[in-house]
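What follows is a single structure, written as structure tokens, with notes after it.
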Amino acid sequence: MLQTDNILFHKQKYHAASTHQTYLAQLPRGYEGQFGPGIKALTLAFYYGMGTSELKIKEFFENVGIQISDGEISNLLIKDQESYQVESDAVYDAGLRSSPWQQTDDTLTRVYGQNQHCHVVCNPVYTAYPIRPNKDRLSILDVLRNGRKRTFRRYMPWAKKVWRAFKIGVLKVMSKIWKRMFSWNVWKHSCLN
């Protein structure tokens, strides 16, 4: 059963006469703002873990006697979440390294009233949903690099010669195959008619 738990903190306050400064003790970690770590964790679990809407989260809290505004629920979900972003990036990087291949798709989504693209990147062990403004070739490269700086290899003049030699070799082999097929078809056609 859930119950409200109002906590009153008495913070130590010191004044240094030599520096004319006042020092105030910090609150325990997680108690910044109006609500403690329990409400914050429960809000995140409801929204991200269970897919509950903000309206239903507010309704739930009101039913157990917790007075919280719509804006405060929104703030708990989106403000000061840098540690989660770092963790999300680490999971995404591990997912990219977990397999030699990645499957990707995208879907149009609106962010702050602007059309953007939600890229779905996955393999058998993870799925990530990075959002980018575009879905062009460079955006896909950025998605697959998880935002790391793009690096391009320097052009090497000898590579063009190697490619040309390879291409000429392939063309010679293909022309021999084509000649054999053509002569076979000609022979078969003349024998059957």
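The values are calculated or read from the model by the stated rules, or taken from the named source; none is laboratory data. As the structure is a prediction and not an experimental result, all values here were calculated from the model. A quick note on method: Cβ atoms are made from the backbone with ideal geometry, for glycine too, and the neighbour counts reach across all protein chains shown.
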Pick out the one residue from K172, K149, K160 that is at pLDDT 70 or above and part of a loop (DSSP other than H, G, I, E, B).
K149
Exactly one of L2, L44 is within 19 Å of K79 (Cβ to Cβ), in contact (Cβ under 8 Å) with a residue 12 or more places away in the chain, surrounded by 10 or more Cβ atoms within 10 Å (Cβ to Cβ) and among the aliphatic types (A, V, I, L, M), and that one is L44
Note down all Cβ pairs under 8 Å where the first residue falls in the range 103-125 and is assigned to a loop (DSSP other than H, G, I, E, B), the second is surrounded by 13 or more Cβ atoms within 10 Å (Cβ to Cβ), and they're at least six residues apart or on different chains.
P124/S99; V125/G95; V125/S99
Which of the residues spanning the range 5-30 are surrounded by 10 or more Cβ atoms within 10 Å (Cβ to Cβ) and either modelled with pLDDT under 80 or in contact with a Pro (Cβ under 7 Å, 6 or more places away or on another chain) (or both)?
G30
Could you identify the single residue in I39, I57, I68, I78 that is among the β-branched types (V, I, T), without any contact (Cβ under 8 Å) to a residue 40 or more places away in the chain and in contact with a Lys or Arg (Cβ under 7 Å, 6 or more places away or on another chain)?
I68
